[in-house]
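All of the numbers you see were taken from the coordinates with simple rules; none came from a lab. Worth saying up front: this structure is predicted, and the values here are computed from it rather than measured. Cβ placement follows ideal geometry from the backbone for every residue including glycine, while neighbour counts extend to all protein chains displayed.
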Amino acid sequence: MVKKKKSLSKLKEEAWSLFSARLKERYADDEGNVRCFTCGAVMKLNTTNCQGGHYLSRGAYPGLMFHPDNSRVQCYRCNCHLHGNTVEFRIRLIEEIGLERVEALEAQRHVQVKLTRSDYEKMIEELKNNSNT
Ligand SMILES: [Zn+2]
């Protein structure tokens, strides 16, 4: 029997959902509470309100979708209604990692990253093995 191969976009979504899950775990406390990076609202892990957000949006800057400096936990309001709450995102990102790294990230925003099927598969494997829970 031939197994149907997952499409590239499916692999990308799978990688993103694991990437985002690891991110949320990293910022959550022992009770499973995590703060929105940009407004400070407290959220429960594994709820639709608790999302992985981007400073430079994945739609406009797909090459930075998996960049660790570009992604933080956000609430639904900041991520969706406020489109990432970018101004606040930048201020807090500078507080956390410093202006130099934020500028380095911004300088890469038009980088083209072409990930192949095996890149995604490798990433998924690594993210699965990296669970802190
Ligand atoms: Zn928020």
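Relative to the longest principal axis of the Cα atoms of the chain, helix 86-97 runs at roughly 90 degrees. For the chain, the longest principal axis of the Cα atoms and the long axis of helix 8-27 meet at an angle of about 40 degrees. For K5, the lysines whose Cα comes closer than 18 Å to its Cα, not counting residues fewer than 8 places off in the same chain, are K122. Residues F37, F66, ranked from the fewest to the most other C-beta atoms within 10 Å, line up as F66, F37. Note on the range 14-54: Rg/Rh from Cα positions, Kirkwood definition for Rh, rounded to two decimals, is 0.93. Solvent-free Debye calculation, one equal scatterer per alpha-carbon of the range 34-119: log10 I(q)/I(0) at 0.14, 0.17, 0.20 Å⁻¹ equals -0.48, -0.69, -0.91.
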